[in-house]
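What follows is one structure encoded as structure tokens, with my remarks underneath.
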Amino acid sequence: MRLVAVDGPSGSGKSTYSAELAAGLGAVLVPTDHFATWDDPVSWWPRLLSGVLEPLWAGRPARYRRMDWSAGWPRLGDEVTFDVPGVLVLEGVSAARRSIADRLDEAVWVEHPDPEQRLARAVARDGERSRAHLVRWQAFERGWFAVDGTRARADRVVTTG
């Protein structure tokens with residue numbers, strides 16, 4: 001299985017880019033939004049490892065319960081299962097984290113140059129009631145990316161307009 005991680009700040013266009021990439025490659029797409037919550041932006045990682053990556057690396061199907069964001073606040077939703085794909089695209093903030101850098105076939109960093117526009121895009125996507133959460137999230141992710149060094153390790157940088 002080839003593993004491609006698409007990472008970058010919220011509102012930069014990662015989801016759109018990843019959906020097109022996965023469709024073009026015939027890949028399975030797993031968004032980190034299936035795991036993250038407003039209160040838990042990155043420490044949910046053990047659930048992704050145990051439910052998705054470790055089983056797939058061992059040749060077994062992935063199985064996890066995704067977060068359901070339909071009510072505006074995440075809660076555990078439906079179970080997702082799939083067999084080992086030829087390519088897995090992992091998309092979202094912290095998808096290309098340092099802890100799995102040596103297991104990635106490619107790390108893609110997606111960015112948008114205007115933080116105000118990124119916030120506006122994220123609010124348009126998630127709704128006005130999410131604005132305060134998104135402001136806090138974007139402050140968190142700036143610190144996360146600085147410590148993790150995610151962009152510097154990317155194999156490819158994509159700038160959206």
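Looking at ALA96, ALA152, ALA71, which is the one that is in contact with a helix residue (DSSP H, G or I) (Cβ under 6 Å, 6 or more places away or on another chain) and not charged (D, E, K, R)? Answer to the check: ALA96.
Going through (1) over 16 Å from PHE35 (Cα atoms); (2) part of a helix (DSSP H, G or I); (3) out of contact with any Lys or Arg (no Cβ under 9 Å at 6 or more places or on another chain) one by one, TRP137 falls short only on (1).
Pairing residues of the stretch 50-71 that are under 14 Å from PHE82 (Cβ atoms) with residues that are hydroxyl-bearing (Ser, Thr, Tyr), at Cβ distances under 8 Å and at least 6 apart in sequence or on separate chains, gives GLY51/TYR64; VAL52/TYR64; PRO61/THR81; ALA62/THR81; ARG63/THR81.
Let's see how each residue does on (1) of a type outside the set (D, E, K, R); (2) assigned to a strand (DSSP E or B):
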residue: ASP33; (1), (2): no, no
residue: PRO46; (1), (2): yes, no
residue: GLY51; (1), (2): yes, no
residue: PRO55; (1), (2): yes, no
residue: GLY59; (1), (2): yes, no
residue: ARG63; (1), (2): no, yes
residue: VAL84; (1), (2): yes, no
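Restricting attention to the stretch 31-44, the residues that are among the hydrophobic types (A, V, I, L, M, F, W, C) and surrounded by fewer than 18 Cβ atoms within 10 Å (Cβ to Cβ) total 3.
For the stretch 12-24, the count of residues that are in a helix (DSSP H, G or I) and farther than 30 Å from GLN117 by Cα is zero.
The number of residues in the stretch 94-130 that are assigned to a loop (DSSP other than H, G, I, E, B) and in contact (Cβ under 8 Å) with a residue 40 or more places away in the chain comes to 9.
Here HIS133 clears all of (1) surrounded by 12 or more Cβ atoms within 10 Å (Cβ to Cβ); (2) over 15 Å from SER12 (Cβ atoms); (3) at pLDDT 95 or above except the condition numbered (3). Of the numbered criteria (1) closer than 18 Å to LEU104 by Cα; (2) outside any helix (DSSP H, G or I); (3) touching a Pro at 6+ places or on another chain (Cβ under 8 Å), the one TRP38 fails is (1). For the stretch 53-76, the tally of residues that are at positive phi and either of a type in the set (Phe, Trp, Tyr) or at pLDDT below 95 (or both) stands at 1. When ARG118, ARG125 are checked against the criterion of being surrounded by 15 or more Cβ atoms within 10 Å (Cβ to Cβ) and of a type outside the set (Gly, Ala, Ser), a single residue qualifies: ARG118.
Of all residues in the stretch 3-61, those being in contact with a strand residue (DSSP E or B) (Cβ under 6 Å, 6 or more places away or on another chain) and among the aromatic types (Phe, Trp, Tyr) number 1.
The values are calculated or read from the model by the stated rules, or taken from the named source; none is laboratory data. On a predicted model such as this, the values are computed, not experimentally measured, just so you know. Every residue, glycine among them, receives a Cβ derived from its backbone with ideal geometry; neighbour counts consider all protein chains shown.
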